[in-house]
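Input: a single structure, listed below in structure tokens.
The values are calculated or read from the model by the stated rules, or taken from the named source; none is laboratory data. Only a predicted model underlies this, so the values are computations on that prediction, with no experimental measurement involved. Virtual Cβ from ideal backbone geometry, glycine too; neighbours counted across all protein chains shown.
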Amino acid sequence: MQPLIIIGAGLAGWTTVREFRKLDAATPVMLITADSGDFYAKPSLSNAFAQGRSPAQLVSTPAAKLVETQNVTLRAHTRVRAIDPVRRVVTTSHGKFAYRDLVLATGAQAMRVPLAGDAAGSVLSVNSLQDFSAFHARVVGTDSSQNHSKHIVILGAGLIGCEFANDLAGAGYRVSVVDPAERPLAALLPAQAGEQLQGALAELGVTWHFGCTVRAVDQNPDKSDPALRVSLSNEVQVLTDTVLSAIGLRADTALAQTTGLACERGIVVDTALQTSDPHIYALGDGAQYASAGGRTLPFVMPIMSAARALAATLAGQRTELVFPLMPVTIKTPALPIVVAAPAPGLAGQWTSNDPGLWQFMGAENRQHGFVLTGQHTARRGEQARLVQV
Ligand code: FAD
């Protein structure tokens, strides 16, 4: 029997394995991944500093344990280079493997903007445990008495940028955040909620540089500490030890595209997570879901729903994916926030009669989303019941 092959050992890959094994203990499953296959909760990367957790401590289940409990063949440190959808064979850095069905759980890539300067190559981004290990080593240094980074510049005041800003500032580092918008999370939150977050993080010591971008990152010409000089588009210069780019993620469609699968903002999948090839499925940060009106949904909750539906389909019961309402918790302890965003482009407006609650109201006074801040985050259940999905 040819195996079910899953590419990717992130939340999407491993959750699909777990859900599939609940329904089918017999079909051979092979998981192929470019990384070690160890399981970690990616959201923990942006609150590890304040908790004093090292990269190694973030692994929640070692790959060897999953291989044993889930009865899978793991091909770790193995990159899939090509897929032959006619012969149903994948070509990897360590050989070829035939499949019955294939799941692409290949995630997203951190977006990068081209920067000028002789130290532009030193800019880091974090979208995996491996990335986080490199960032952690840079920030903490090998000799903490000499090399301890004191100042980190973060590019991007979106979700991940704000979470890292809170985490690092909470752990005692100086943090500056640069963003072309006027306030943090400008694309996600109503203005007043963004201003609340801006104030809360400023109180924690975060310095904001809004309305500008980073133009160049150079070695500090003084050749003294700190090591880097960041030049902003408004002519301001900031001396810093480390620069973290957190300007967003883009679905990784490279492999799907070379296979000839339909791709737009992500790998296009129908309501049963099938790609344009009947034996290839996709989910996770790399997928563009018909069940979400053609959106990508790079969050944990959509992956859990998608993996359950996909496992049932792969076990022989074609299952349509229906997403429930999926509010996102933003891990900024300085101002906890819960957001249930309305679908992009939906007509309506944010209204608020309360400093910690915003409701997105559309036609016929229907509620399509909400934002809760501070102690109001406890009202998540109450607000979720009011939203028309
Ligand atoms: P990934 O975890 O990126 O996994 C992709 C896998 O594919 C990897 O194992 C990779 O090695 C493998 N791979 C890729 N290409 C190949 C190839 N060609 N061959 C072999 N293997 C390949 N979401 C929330 O809902 N709440 C949060 O609080 C939250 N916090 C976050 C904090 C941070 C810092 C980040 C970066 C994300 C956060 N998210 C959060 C988003 C959430 O973590 C992601 O949506 C989720 O982890 C994505 O899982 P994935 O399996 O789709 O992708």
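Residues of the stretch 68-83 being touching a residue at least 12 places away in the same chain (Cβ under 8 Å) and away from the ligand (no atom under 13 Å from the Cβ), which ones?
First pass over the stretch 68-83, keeping only residues touching a residue at least 12 places away in the same chain (Cβ under 8 Å): 70-83.
Of everything in the stretch 68-83, those that are touching a residue at least 12 places away in the same chain (Cβ under 8 Å) and away from the ligand (no atom under 13 Å from the Cβ) turn out to be GLN70, ASN71, VAL72, THR73.
Residues that are surrounded by fewer than 15 Cβ atoms within 10 Å (Cβ to Cβ), part of a loop (DSSP other than H, G, I, E, B), modelled with pLDDT of 95 or more and within 14 Å of the ligand (Cβ to nearest atom): does the stretch 117-133 have at least one?
Checked against the condition, which is being surrounded by fewer than 15 Cβ atoms within 10 Å (Cβ to Cβ), part of a loop (DSSP other than H, G, I, E, B), modelled with pLDDT of 95 or more and within 14 Å of the ligand (Cβ to nearest atom), the stretch 117-133 yields no hits at all.
Looking at the stretch 1-25, which of its residues are more than 24 Å from GLY95 (Cβ to Cβ) and either among the aromatic types (Phe, Trp, Tyr) or more than 10 Å from the ligand (Cβ to nearest atom) (or both)?
Within the stretch 1-25, ARG18, GLU19, ARG21, LYS22, LEU23, ASP24, ALA25 qualify.
Can you give me the number of residues within the stretch 93-108 that are surrounded by 18 or more Cβ atoms within 10 Å (Cβ to Cβ) and either more than 12 Å from the ligand (Cβ to nearest atom) or assigned to a strand (DSSP E or B) (or both)?
7
Do we have PRO324 as surrounded by 23 or more Cβ atoms within 10 Å (Cβ to Cβ) and either free of Cβ contacts under 8 Å to residues at least 40 places away in the same chain or over 17 Å from ALA251 (Cα atoms) (or both) here?
No; evaluated as a whole, the condition is false for this residue.
Do any strands (runs of 3 or more DSSP E) entirely within the stretch 238-341 hold 3 or more residues that are more than 9 Å from the ligand (Cβ to nearest atom), and if so, which?
Fully inside the stretch 238-341 and qualifying: 242-245, 267-269, 280-282, 337-340.
Does the stretch 199-227 hold any residues that are over 23 Å from PRO184 (Cβ atoms) and at pLDDT 95 or above, and which are they?
Within the stretch 199-227, ALA216, ASP218 qualify.
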